[in-house]
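Scroll down for the structure; my scribbles are underneath it.
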Amino acid sequence: MSMGLVTLKINGKEVTVKEGTLILDAAKEAGFDIPTFCYQANLSGLGSCRMCLVEIEGQRKLQPSCITPVMPDMSVFTETETVKRTRSAMLEFLLSNHPLDCPVCDKGGECELQDLVYKHGPRKGRFAEDKVRHHDKDYILSPVIVKNANRCVQCMRCVRVCKEVVGRGVLGAVGRGVHQEETSFLRTRLDCDHCGMCIEVCPVGSFMRLPYRYKARPWDLVSAKSVCGYCGTGCRLTLERRGDTVVRAIAHPEDGFNRKLLCARGRFGYDVMNSEERVKTPLLKERDGTFKPISWDRALELLKENILRAGAERTAGIVSATLTNEELYLFQKFMREVAGSSNIDATSRWSAESSLRFIEATGINGGGSSVYGCAESDVVVVLGGQLSEENPVTDYIIRYITGARRNTLVIASPRGMKLDSSAQLSVRTVPATTGAFVAALLKALVEKKDVAIEGMDVIKGLSIDELSGVCGVSVDDIRWIAARLLSAGSVGILAGPDLLKHDDGSEELALLIEVLKATVRDVRVLPFLDRANQRGAWDMGVHPYLKPGYREAEKKGLDVHGIVELAESGGLGCLYLIGEDIAGLYPDRALIESALSKVGFLVVQDSFMTESARMAHLVLPLAMYGERAGTMTNQEGRVQRVEPVRKPEGDVWTALDTITRLGNLIDKSFPVQKSGDVFREIQQQVAGYGDIRGMESFKGASAEGVAELKPAFNYGAPERGAEEFWLLTGNHLFHGARLSQHSGILKELLGECVVEIGRAAAERLGVAEGDVVEVEGDDYMDRLPVRIREGTPDGVAFIPENFDGRDANRFLRKDRVISTVKIRASKKQGE
Amino acid sequence: MEKVLLKNFGKEGAHTIDSYLSGGGYEALKKVLGMEPEDIIQMVKDSGLRGRGGAGFPTGLKWSFIPKDAPEKYLCCNADEGEPGTFKDRGIMEYDPHLLIEGIAIASYAIGAQKAYIYIRGEFVFAARRLQEAIMEAYEKGFLGENILGTGFSLDVYVHRGFGAYICGEETALLESIEGYRGQPRKKPPFPALSGLYGKPTVINNVETLSCLPAIVNKGAEWFASIGPEKSPGPKIFGVSGHVKKPGLYELPMGTPLREIIYEHAGGIRDNRKLKAVIPGGVSAPLLTEEELDTPMDFDSLAKIGSMLGSGGVIVMDETTCMVKAAYIIMRFFSHESCGKCTPCREGTTWLKKIVQRIEYGKGRQGDVELLESLCGNIFGRTFCPLGDGAVMALRGVLKKFKEEFQYHIEHKRCMV
Amino acid sequence: MDEKTRKEIEEKIVPKYRTRRSACMATMQLVQSQKGHLTKEDMEEIAALLGMQPVEVEAVGKFYTMYNVERPVGRYHIQVCENLSCSLMGGEHILKHIERLLGIKTGETTSDKKFTLSTVQCLGSCGTAPVIQINDDYYENLNEKKVEEILGKLR
Ligand SMILES: Cc1cc2nc3c(=O)[nH]c(=O)nc-3n(C[C@H](O)[C@H](O)[C@H](O)COP(=O)(O)O)c2cc1C
Ligand code: SF4
Ligand code: FES
């Protein structure tokens, strides 16, 4: 695309803008606001509401500025009498069939129709006829969506966003002319992402939030800018409370890289904060196994005693990669400097080596690419995870950008995903064979083009046919992808958490990136991560081998596996978990239960009574997202400030307060700090955090060479018995980590654990969506309802890792790269 | 004037390929297939043929916008014939389907299309069947399909049936409809000539337009250009309906005065009553009265007096006609057919209808005429496609000439007539 | 949808177009022609067959007035043109007369499910007004007597 500039006049004022700019945007740049309804930046142009009509010199008719690009020397008028009269007329038309029921409308006070009528509208209505009514009572479309078609202004934003961005297309414009209604199939309940984008884009009160219904008026609300706590996309959102209750999360178009986009978790998962089940005071386990409330002073004393008693080598700590950077930074500082221990980690699910390799391969330590940079590349490759479910908003962004630009999207994943339908090619890989797949791709690349890269000779001995056999992707498909990559001007690669979980593919990916850098040159890499501040945790040095800013630690500590092993051997004196439910997440349930039961003193600080907390000696309450200040770093390396929307109820502390006071209690020289103080320290220590003005910066930390990547390249397909399923685990579209199960709203979307299989498997087993099946692991069996996922091959199953009591890790074994399960149709009751 | 479009109208058996061939059918196609596409386009330009679908756009010029080197192009024949008062295309399709098919083949060859769709309104079941049969015959005889007449040119012609939506006569709505969507117009640009059906270069032409082509090829561009006025020449089918003695289709030279059409060809007003008003080109065209009857029926002459030739559907109303009722029927039509996409048309036509309806039902209010005029001003020129403009032109036409009848209705709660 | 219908869709309709979605209008016409209207299940099936969302099929069905979406009609669907030319030539009298003859109002179906009566916009047959359409066929140049004859034959 050429990047020419165009100069034109708007209301006599000269402006120069990029070629292809819409008149609407050019006018905005010149300082003239043009009212709109149907226009929406990230949707296809429609030009139907006619609010934005302007006069253009030499043109007989008024023109829609929202779909008309600028032309050189054009002279546009946006404030003439004709234009003003037209705006007023369009509003009069829109009001003619509008019920004017503002007093009982949830949108009152933040309604675009209200606002525009106030600014541009007629002062008096002339319409005296019966209005078209689509229905009497509002109707419910989903646990989160309620609809009133009578208020609709037919801007089609809902229909377009659902199709073009969310990729569902479950809303349609039904009926013709004034009878047109944007709704679901026969107004039935929606089976969709429940992301609420239709609500967010609706300019009036036609699509509304069911949970927020009649709860508040905008002026009753106190709001704070935050970041969603549910995945690594790290969507910017504004949390709003009325009184002490958080009632809404919204995304502001002008604020945050995600513009208006949020997924169901982000938009509706806020109510975890209001949960009655929260831990509200420190609790000490009695001899009889029950918990008794104690004071914070006493709790900190106990913690201090136990840390000192255990000694540096026998103390360990694991934090959730969802805390703020300040908390994470302080945690490692406390552990290293006060407790003297490097036995720290920010995950329960993978090894320190695995994360080192991933960090090195994806260049997390060296800056990063924005999701937009990736999405706008000529060829976009998604591998190593189920992007649509793990990182829904990343999926939305990729979809609408690749949809609008028509660039090539390629997906390699063991499971089917919604984004498949936007891809030119989507291949299914055998689970835990990303490495073999990428190696095959490398073979195919060098077949076509000679590249002299250090380390390339290792792949000489490999055969593309064998690799194809291992990863299950046909040689033709591999060659097709390679050809696309070589003919691209830029390549974007999104690499997901499977690489971490299965410790598979990072080295090959690193080599692929090197090769592409030598051929295509413009290579943009984006890791997609399933924890909101995973990248921050690494940047902050919550890693047994890495200090803040990716500096090598003088002394390597134990990673989660080492810590569990030490505990299992009876050698762990004190384990401090913050926000991390290791019992529910560690990929070997039997082992972790046994190991935790042997820990001398187990302290769990968390917002809820987690599986781990139940096993703890001491439980501390924990403030969650929306209740703390600081910064978070998303998967792109974008550092965003968060503000608390409220103080938690009860005697709940933030991790930051807890750690500074504990540190100070043990060592008087450890200062009691606020998050701002800590951030200043981070700025000294971690490159890329120096320059944060306003609410965000986009750089991330950087340092070179955290790990040496030498691909071993010996591959074998993981073993699976006939009729067995490889089991994948991870976040669900409606659930993130272990927190979301406490959101009443999200629980309505998915209330219990499920097992997801492909259609072929379901047919083979003779089961339908919703039927209960028996899932059997090595020594654990559960009955779970089936969900069918289109595009997932037979032999692959998925269980979300988000449910207490039905934890996916009960099926997992540490000694296997990937565990298998048997699945059988369950006998129906009474049979 | 020798008839070329309706020469077989009403003739038993005329629709078969044998009958068509015996009258020299498909000779034009044969001739054309030996010519350079550019030369055909030039010939059509020289003929002065302007689109018979309503807008009167020069056909040859439209074709010349099609990029020559595009690998995939389409021709769409607009057989939606939805404009009230229009029934000419149906006449051609029922009695002379091969004339149209030959025209389609000529046009497709000229623009380089390998696929053509005939978009026919759903109600025309009989005509669609006739077309389908004729297409099969043409395939059998090698006038369609692969390698036509050994020239290397291939063409497939398909019938796509609409299913009840006037708006699908609008060319981009027609494309949406073929693609399987609701028939709502697309934004322009890009124009169909660059990005039409399936995003490929596409020409959309009316049935009558395409049916003129064989005669142009056979008789020459000069012959065509010599008929009727210089700027809009050729034969034209006028469909006369309403209060005349002999309603029906009349193929006459473009520019034939309205008076001649009504009084000579259509036999004059029924029961020898007085003429009150006449709509010259489908209901979107503003109506004319007695003193305008000498206007030549061609694009420019009618535009000059503030009306339009449109589809050439002439609706005659005698002195017994209540103009408020006529206006109500027309407004009811537009509000029923408004596709719902843009605000002024969707809401505006419905509002207009409701006001005219209440006047018609004896519930009119003082100020209603002014309100109608004001709303017309707010709709006109602001809609997404010309449908909304059509509604306004029609209503303005009636208001302009019969305002007192509206006032009478409002005051006396009943008809003047 | 039976096997034969599916086959007809795949072999006769789908190949006409570049996309499967393009086949939806004709497919819906075919399915409707078998029983007079389209049900929820029909629309779901058509959607699955052509790779569309059910709501898209419904939206098409409710945009084009000739589809009877979830609206059963009698064996004979009588549609009376109410546009200008027909109205000028007495279309309204024809409508009233049919209402009287069938004992139903416009929009209704006779209790024996034999006749449904509707009005339509211009049928494109203005030169032979007034006109009605019964199922696929046009009846032109009507007067009261002709209407009686036609209905008499169908009863
Ligand atoms: C609302 C509307 C309805 C139309 N209906 C028809 C129609 O039924 N038949 C037709 O040929 N053109 C119709 N047209 C005109 C077409 O858009 C288009 O101009 C025409 O098919 C081009 O063919 P031509 O150049 O051969 O006239 C309609 C236009 C509008 C705006
Ligand atoms: S869950 Fe992930 S993608 Fe969704 S809103 Fe939150 S951070 Fe964004
Ligand atoms: S904003 Fe331009 S037409 Fe709606």
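3J(HN,Hα) along region A:525-533: 10, 10, x, 10, 10, 9, 10, 4, 10 Hz, from the Karplus curve 6.51 cos²θ - 1.76 cosθ + 1.60 with θ = phi - 60°, whole Hz, x for Gly and Pro. For the residues A:555, A:280, a 1.4 Å probe over the protein chains yields an accessible-area ranking, largest first, of A:555, A:280.
Computed from Cα atoms alone, the Kirkwood hydrodynamic radius reported for chain C is 16.9 Å. Amide H contacts for residue A:74 (H built 1.01 Å from N in the peptide plane; partners 5 or more residues away or on another chain; cut-off under 5 Å): A:9. Residue C:8 contributes an accessible area of around 70 Å² to the protein surface, as traced by a 1.4 Å probe with all chains present.
Counting only protein heavy atoms and a probe of 1.4 Å, the accessible surface of the protein assembly as shown is 49% carbon and sulfur. Across the options A:546, A:410, A:434, the greatest Cα extent toward the positive end of the charge dipole of chain A (unit charges at beta carbon of Lys, Arg, Asp, Glu) belongs to A:410. The charge dipole of the protein assembly as shown, taken about its Cα centre with unit charges on the Cβ of Lys, Arg, Asp and Glu (plus for the first two, minus for the last two), comes to roughly 3180 debye.
Averaged over the residues of peptide B:203-209, the number of Cβ atoms from other protein chains lying within 10 Å of each residue's Cβ is 0. Computed FRET efficiency, Cβ-Cβ of residue A:794 and residue A:451, R0 41 Å: what is it to the nearest 0.05? The formula returns an efficiency of 0.65 here. A 1.4 Å probe, protein heavy atoms only, puts the accessible area of residue C:110 near 10 Å². Over the C-alpha atoms of region B:199-294, the Rg to Rh ratio, Rh being the Kirkwood estimate, stands at 1.05.
Take every Cα pair under 8 Å whose residues are at least 6 apart in sequence, average their separation, divide by the length of region B:235-318, and the relative contact order is 36 percent.
Semi-axes of the equivalent ellipsoid for the protein assembly as shown, computed as √(5λ) from the eigenvalues of its C-alpha gyration tensor and ordered from largest down, come to 68, 34, 29 Å.
The accessible-area ordering, largest first, of the residues A:25, B:80, A:288 stands as A:288, A:25, B:80, per a 1.4 angstrom probe. Each Lys and Arg adds +1 at its Cβ and each Asp and Glu adds -1 at its Cβ; summed about the Cα centre, chain B shows a dipole of about 1300 debye.
Think of a 1.4 Å ball rolled over the protein heavy atoms: region C:76-154 then has 42 Å² of accessible area per residue.
P(r) for chain A, from all Cα pairs and a bin width of 20 Å, is 15, 46, 32, 7, 0 %, short bins first.
Radius of gyration over Kirkwood radius for region C:3-63, both on Cα atoms: the Rg/Rh ratio is 0.92. Among the residues of C:86-97, the average count of other protein chain beta-carbon atoms within 10 Å of the residue beta-carbon is 3. The stretch between residue B:370 and residue B:223 holds 47.9 nm of extra length on full extension. This uses 0.36 nm per residue minus the Cα-Cα distance. Note on region B:323-412: along the principal axes its Cα atoms extend 37, 20, 18 Å, ordered by decreasing extent. Once the chain from residue A:189 to residue A:463 is taken as fully extended at 0.36 nm per residue, the excess over their C-alpha distance is 93.6 nm. Can you pull the percent of Cα pairs in region C:76-154 with separation above 21 Å? Taking all Cα-Cα pairs of region C:76-154, the fraction more than 21 Å apart is 16 percent. Between residue A:290 and residue A:760, the contour length at 0.36 nm per residue exceeds the Cα-Cα span by 164.4 nm.
Measuring only protein heavy atoms, the 1.4 Å probe finds residue A:442 accessible over about 0 Å².
A Förster radius of 60 Å combined with the Cβ-Cβ distance from residue B:151 to residue B:289 puts the calculated FRET efficiency at roughly 0.65. Spin-label model, residue B:27/residue A:672: points 7 Å from Cα along the beta carbon direction are separated by 10.8 nm.
Restriction of the GluC sites (Glu not before Pro) in region A:763-824 to DSSP coil positions whose beta-carbon has at most 16 other beta-carbons within 10 angstrom yields A:769, A:790.
Computed from the Cβ-Cβ distance with R0 of 60 Å, the FRET efficiency linking residue C:145 to residue B:188 stands at 0.75. Averaging sequence separations of C-alpha pairs under 8 Å and six or more residues apart, then dividing by the length of chain A, give the relative contact order as a whole percent. Reported as a whole number, the value is 13 percent.
Just going by the charge dipole of the protein assembly as shown, with Lys and Arg at +1 and Asp and Glu at -1 on Cβ, which of A:332, A:377, B:84 is farthest out on the positive end? Result: B:84, furthest along the dipole toward the positive end.
Projecting the Cα positions of B:157, B:201, B:181 onto the charge dipole of region B:111-227 (unit charges on Cβ atoms of Lys, Arg, Asp and Glu, taken about the Cα centre) puts B:181 furthest along the positive direction. Residue order by solvent-accessible surface for C:20, C:100, B:161, A:646 is C:100, C:20, B:161, A:646, largest first, with ligands and nucleic acids left out and a 1.4 Å probe.
Across B:100, B:249, B:375, mean-square fluctuation computed from a Gaussian network of chain B (C-alpha pairs under 10 Å connected) peaks at B:375. Taking every alpha-carbon pair under 8 Å whose residues sit at least 6 apart, chain C reaches a relative contact order of 18 percent.
Of the trypsin sites (Lys or Arg not before Pro) found in region B:255-339, those that fall in a DSSP loop while having at most 16 other beta-carbon atoms within 10 Å are B:273, B:274.
For the set B:325/B:353; A:9/A:61; B:341/C:105, the pairs lying more than 22 angstrom apart at their alpha carbons are B:341/C:105.
Assuming charge only on the beta carbon of Lys and Arg (+1) and of Asp and Glu (-1), the dipole of region A:481-609 about its Cα centre is about 460 debye to the nearest 20. Backbone N atoms of region C:10-52 closer than 14 Å to the 7 Å Cα→Cβ label point of residue A:44 belong to residues C:21-22. Within 10 Å of each Cβ in B:175-181, how many Cβ atoms from other chains are there, averaged over the peptide? Neighbouring Cβ atoms belonging to other protein chains average 6 per residue here.
With a simple spin-label model that places each label point 7 Å from the Cα along the Cα-to-Cβ direction, the separation between residue B:300 and residue A:115 comes to 5.2 nm. Label reach from residue B:2 (point 7 Å along Cα→C-beta): in region B:200-228, amide nitrogens under 18 Å belong to B:211-228.
Charged neighbours of residue C:80, selected by a Cβ distance under 10 Å, balance to -2 (K, R count +1; D, E count -1).
The values are calculated or read from the model by the stated rules, or taken from the named source; none is laboratory data. A quick note: this is a predicted structure, and the numbers were derived from the prediction, not measured. Please note: Cβ atoms are built from the backbone with ideal geometry, for glycine as well, and neighbour counts cover all protein chains shown. These area figures cover heavy atoms from the full protein model, side chains too; ligands, DNA and RNA do not enter into them. Shrake-Rupley method; radii C 1.70, N 1.55, O 1.52, S 1.80 Å.
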